[in-house]
There are 2 protein chains.
Amino acid sequence: MITDITSPANPVFKSLKSLTEKKGRREHGLFLAEGLRVCTEALQTGHVPKYLIFSVDAEGHPLTQALIAATEAAHGMAIRSTRDLLHRLTGKDNPGAVAAAYAIPDTGLANIDRGTAPIWVVAENLKDPGNLGTMLRTCDAVGAGGVILLDQSCDPFSLEAVRASMGGLFTRKVAQTTGDEFFAWLRTGPGQLVGAALDGHTIDYRAHEFAAPTFLFMGNEQSGLPAEYAARCDALVKMPMKGTADSLNVAVATAVLLYEALNQFESLAHK
Amino acid sequence: MITDITSPANPVFKSLKSLTEKKGRREHGLFLAEGLRVCTEALQTGHVPKYLIFSVDAEGHPLTQALIAATEAAHGMAIRSTRDLLHRLTGKDNPGAVAAAYAIPDTGLANIDRGTAPIWVVAENLKDPGNLGTMLRTCDAVGAGGVILLDQSCDPFSLEAVRASMGGLFTRKVAQTTGDEFFAWLRTGPGQLVGAALDGHTIDYRAHEFAAPTFLFMGNEQSGLPAEYAARCDALVKMPMKGTADSLNVAVATAVLLYEALNQFESLAHK
């Protein structure tokens, strides 16, 4: 049964709207994603909405119909609404035809099975949700396992992170832990910890031999990797800097390193 | 002579604030940058503020003093103010100690001297100022000449673009033109036009032989390169996609391609 909601004062709508804030996400254990394409990709990887909200003009679309059917089959709530309410929900000027609330998954380290991917990203104190989302999007593109967030990193379930991930949040793993817990876990199994650094005993990133599973360790946007974390890496790599700036955007640096590692793994596979 | 401004109602402050909008930038021919480090790097590359605004607590800093001296020597206005006003100006919760307004440079294609760099970025209908700024930052890092913006691309002088460029806007060239004008200009001199594409007659980006000067052609965030533009490229390159997503963030893709080209140019230089 489809529920009609046309007023922003509706309590279900207000609960959904609260998911745009961390407090609301924690309270409900849900997060928002938006767009017919992303929600459809999420469904294809087994993520069924707890709440699906769609604009009335999109109801007839076969992909919307598939989302409605899946939501109802899993006893979620399918909500017929308006573009105006979708705009109010996501803040987007041109809101998608659908948005959906999903259960926040367990982000404990125990969910990371390191053998399932040749490379993982570890981010220390990452602050910008756009950077995190972009990193998840790149992880998807290169077949990296996902992102392990250390210390006071940003919330991977914010609308901004989910949006920038372009579906990567649904296909990649995300863990949230502390540096101490991560290092303890890392050394219980195989893994090459490769830090991206600007100084210290760094080598050119192309000269480093990446070995799977690699854990690519990226520091905070402003301050980079803390010295005590850099000291615990198996190698520190650096990209050539030709200009006056001394660093790259962290999501950009991550992508360049991920593609280098991927390229090395591929050429090994062909030998 | 230093001018004190402590009220947001001050007409000079209001003019500076208007530079956060495109209308104000067009009216005054000025744009804003923020932060002691970026403004100092700008000064080192010959960019002197027309207006310099600094918080009173930062006045004693030698870099602030250097900026004040340079501004006054060039008959600009140095303004002593407060963190609160800097926050109101830039919208940042933790505003920098200084912000400055600079003359918007001429962005005609005639200012692009293609021989001065081995590679340039051309962006078609680029919409996100954060992406543009990140591309300029990466251009600086790899020694690319800058970004040529085609058609309805975003404003390179918005605070968001300037901020993401981390000074790259001051060290790289930016041009704004149409596709037609760009193609006409391109073929008046040497230049390999390499489009980033997802389909069509693409080759793996590592298999392509980049030749300087390369013009790396990136499409719009949503729709990629239009077919008629792709058809005019000398080559179309693609990055391997292993996951469910079929594309990368445009600033990320640009960086991966720029580093590949840079690496090829470097290994040629060593042969």
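Since every read-out is calculated from the coordinates, none of them should be taken as a lab result. Because the structure is predicted, anything quoted here is derived from the model rather than measured. Cβ atoms come from the backbone with ideal geometry, glycine included; neighbour counts cover every protein chain shown.
Calculate the spin-label point distance for B:Thr188 paired with B:Gln222, positioning each point 7 Å from the Cα along the beta-carbon direction, and give it in nanometres.
Spacing of the two 7 Å Cα→Cβ label points: 3.4 nm.
Can you give the log10 of the normalised intensity I(q)/I(0) at q = 0.09, 0.11, 0.12 Å⁻¹, computed with Debye over equal Cα scatterers of the protein assembly as shown?
-0.73, -1.09, -1.27
What relative contact order, as a whole-number percentage, does chain B give when Cα pairs under 8 Å and 6 or more residues apart are counted?
After rounding, I find 17 percent.
Just the number, please: percent antiparallel of the DSSP beta bridges in region A:153-267, rounded to the nearest 5.
10
For B:Asp204 paired with A:Ala103, estimate the spin-label separation in nm (one decimal), with each label point 7 Å from Cα along the Cα-to-Cβ line.
4.1
Given an 8 Å cut-off on Cα distances and at least 6 residues of separation, report the relative contact order of region A:85-146 as a percent.
Reported as a whole number, the value is 29 percent.
Inside 10 Å of the C-beta atoms of A:122-131, what's the mean count of C-beta atoms belonging to other chains?
Mean partner-chain Cβ count within 10 Å for A:122-131: 1.
So what are the ³J(HN,Hα) numbers for region A:105-119, from phi and the Karplus equation (6.51, -1.76, 1.60; θ = phi - 60°), rounded to whole Hz, Gly and Pro as x?
In residue order, the calculated couplings are x, 5, 10, x, 4, 4, 7, 8, 9, 4, x, 7, 8, x, 8 Hz.
Can you put B:Val12, A:Val194 in order, fewest other beta carbons within 10 Å first?
B:Val12, A:Val194
Taking θ as phi - 60°, what are the ³J(HN,Hα) couplings along region B:156-165 by the Karplus curve (6.51, -1.76, 1.60), each to the nearest whole Hz, with x for Gly and Pro?
In residue order, the calculated couplings are x, 9, 5, 4, 5, 5, 4, 4, 5, 6 Hz.
If you restrict to DSSP beta bridges whose two residues both lie in region B:52-195, what percentage is antiparallel, to the nearest 5?
20
With +1 on each Lys and Arg Cβ and -1 on each Asp and Glu Cβ, how big is the dipole of region B:202-271 about its Cα centre, in debye rounded to the nearest 20?
Dipole about the Cα centre, nearest 20: 120 debye.
State the antiparallel share, in %, of DSSP beta bridges confined to chain A, rounding to the nearest 5.
25
In the protein assembly as shown, if the dipole is taken from +1 on Lys/Arg beta carbons and -1 on Asp/Glu beta carbons about the Cα centre, which of B:Ala230, A:Ala74, A:Ala144 is farthest to the positive end?
Going by the charge dipole, the pick is A:Ala74.
Evaluate the charge dipole of chain A about its Cα centre and quote only its size in Debye, nearest 20, assuming +1 on the Cβ of each Lys and Arg and -1 on the Cβ of each Asp and Glu.
380
Apply the a/c threshold of 1.5 to the C-alpha gyration tensor of region B:129-235 and tell me whether it is rounded, prolate or oblate.
Prolate, because a/c is 1.5 or more and a/b exceeds b/c.
If R₀ is 22 angstrom, what is the calculated FRET efficiency for the pair B:Gln65 and B:Glu21, using the beta carbon separation as r and rounding to 0.05?
0.10
Starting with the fewest neighbours, write out A:Thr214, B:Thr244, A:Thr45, B:Thr138 ranked by other beta-carbon atoms found within 10 Å of each beta-carbon.
Going from sparsest to densest Cβ surroundings: A:Thr45, B:Thr244, A:Thr214, B:Thr138.
Compute the label-point distances linking A:Glu266 to its equivalents in the other copies; points lie 7 Å from Cα along Cα→Cβ; give nm, one decimal, shortest first.
Ordered by distance, the counterparts are at 2.0 nm.
List, in order, the whole-Hz ³J(HN,Hα) value for each residue of region B:123-137 obtained from phi through the Karplus relation with A = 6.51, B = -1.76, C = 1.60 and θ = phi - 60°; use x for Gly and Pro.
These are the phi-based 3J(HN,Hα) values: 10, 9, 6, 6, 9, 9, x, x, 4, 4, x, 4, 5, 5, 4 Hz.
If you count, for every residue in A:139-151, the Cβ atoms of partner chains within 10 Å of its Cβ, what is the mean?
Across the residues of A:139-151, the mean count of other-chain Cβ atoms within 10 Å is 3.
In nm, to one decimal, how far is the modelled label at B:Asn111 from the one at B:Thr3, with both set 7 Å along Cα→Cβ?
Result for the modelled spin labels: 2.5 nm.
GluC sites (Glu not before Pro) within region A:168-223: which are DSSP loop residues with at most 14 other Cβ atoms inside 10 Å?
A:Glu209
Among A:Met1, B:Met241, B:Met166, rank each residue by its count of other Cβ atoms within 10 Å, from fewest to most, as a rough exposure measure.
A:Met1, B:Met241, B:Met166
Roughly how crowded by other chains is peptide A:236-243, in terms of the mean Cβ count from those chains within 10 Å of each of its Cβ atoms?
Average neighbour count from other chains, rounded to a whole number: 5.
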